[in-house]
Amino acid sequence: MSATVPVLPKEIALHGFTLRAIGPEHLVPYAAAIAASDAHLRPFTPWVVDGRIPGQSLHDRLVMHAARFDAGEEWVYGLFGPRGDVWGGCGIYTRVGPGAVELGYWLAAGQVGRGLATHATAALTALSFRVLPVNQVQIRCDPRNAASARVPARLGYELLPPDAAHGEGVQVWSLTRDRVEAGVGR
């Protein structure tokens with residue numbers, strides 16, 4: 001990313017739910033959503049349940065996400081229902097490299113099949129191209145997770161061929177600024 005810290009909104013109102021920058025103040029509803037969704041999430045996204053950093057508590061992870069959001073290093077949002085319950089999570093991550101970001105998403109078990117991941121991903125895709133200095137947005141998913149793969153497919157992302165860096169165990173989907181400007185993914 002550039003020397004200027006990109007400013008992304010901390011809250012985005014969508015179709016019946018809100019994306020809200022996640023932080024330690026959301027620990028209780030976030031933990032409840034993860035606990036209720038363990039069996040649903042573990043086969044494809046065990047890091048949502050267990051965290052990426054072994055030994056890091058969920059509280060510490062939420063503190064880290066909030067700090068990285070404010071620093072312009074990554075932007076992790078919770079999907080919040082109208083009563084403040086957590087329906088899932090999504091984020092924009094700078095780990096892809098210069099000129100690109102990666103989007104990730106997960107849904108609580110009771111929220112699957114409602115279009116929430118598609119709406120959240122569409123919003124974050126548009127936001128990425130509008131605010132961040134990127135030419136490409138990527139989504140990675142487990143090829144066994146057909147529901148997850150439908151999200152980028154619906155939004156006009158292209159499935160890239162497997163390569164040595166990602167192997168057969170990861171699908172990499174890509175949408176470029178040129179394709180968006182040509183009207184793809186709208």
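The values are calculated or read from the model by the stated rules, or taken from the named source; none is laboratory data. Predicted model only: the values in this text are computed from it and were never measured. Please note: Cβ atoms are built from the backbone with ideal geometry, for glycine as well, and neighbour counts cover all protein chains shown.
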## Note on the structure
Condition set small (Gly, Ala, Ser) and surrounded by 16 or more Cβ atoms within 10 Å (Cβ to Cβ), scope the stretch 71-80, selection nearest to the chain's Cα centre (by Cα): answer is Gly78
### Message
Going residue by residue through the stretch 58-75, is there one that turns out to be touching a Gly at 6+ places or on another chain (Cβ under 7 Å) and under 28 Å from Val180 (Cα atoms)?
### Response
yes
### Query
For the stretch 107-115, does any single residue satisfy the condition of being among the β-branched types (Val, Ile, Thr) and within 30 Å of Ala31 (Cβ to Cβ)?
yes
### Query
Does at least one position in the stretch 103-123 carry a residue that is among the β-branched types (Val, Ile, Thr), over 22 Å from Arg179 (Cβ atoms) and at pLDDT 95 or above?
no
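Do you know which of the residues in the stretch 88-103 that are surrounded by fewer than 22 Cβ atoms within 10 Å (Cβ to Cβ) and touching a strand residue (DSSP E or B) at 6+ places or on another chain (Cβ under 9 Å) is farthest from Ala31 (Cα to Cα)?
As a first pass, look at the stretch 88-103 and keep what is surrounded by fewer than 22 Cβ atoms within 10 Å (Cβ to Cβ): 93-100, 102.
The next check asks that each one be touching a strand residue (DSSP E or B) at 6+ places or on another chain (Cβ under 9 Å); those that pass are 93-96, 99-100, 102.
Details: Tyr93: 22, Thr94: 25, Arg95: 25, Val96: 28, Gly99: 33, Ala100: 30, Glu102: 24 Å.
Across the stretch 88-103, the extreme among qualifying residues is Gly99.
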### Failed condition for Ala109, given (1) closer than 19 Å to Ala32 by Cα; (2) surrounded by fewer than 17 Cβ atoms within 10 Å (Cβ to Cβ); (3) more than 17 Å from the chain's Cα centre (by Cα)
(3)
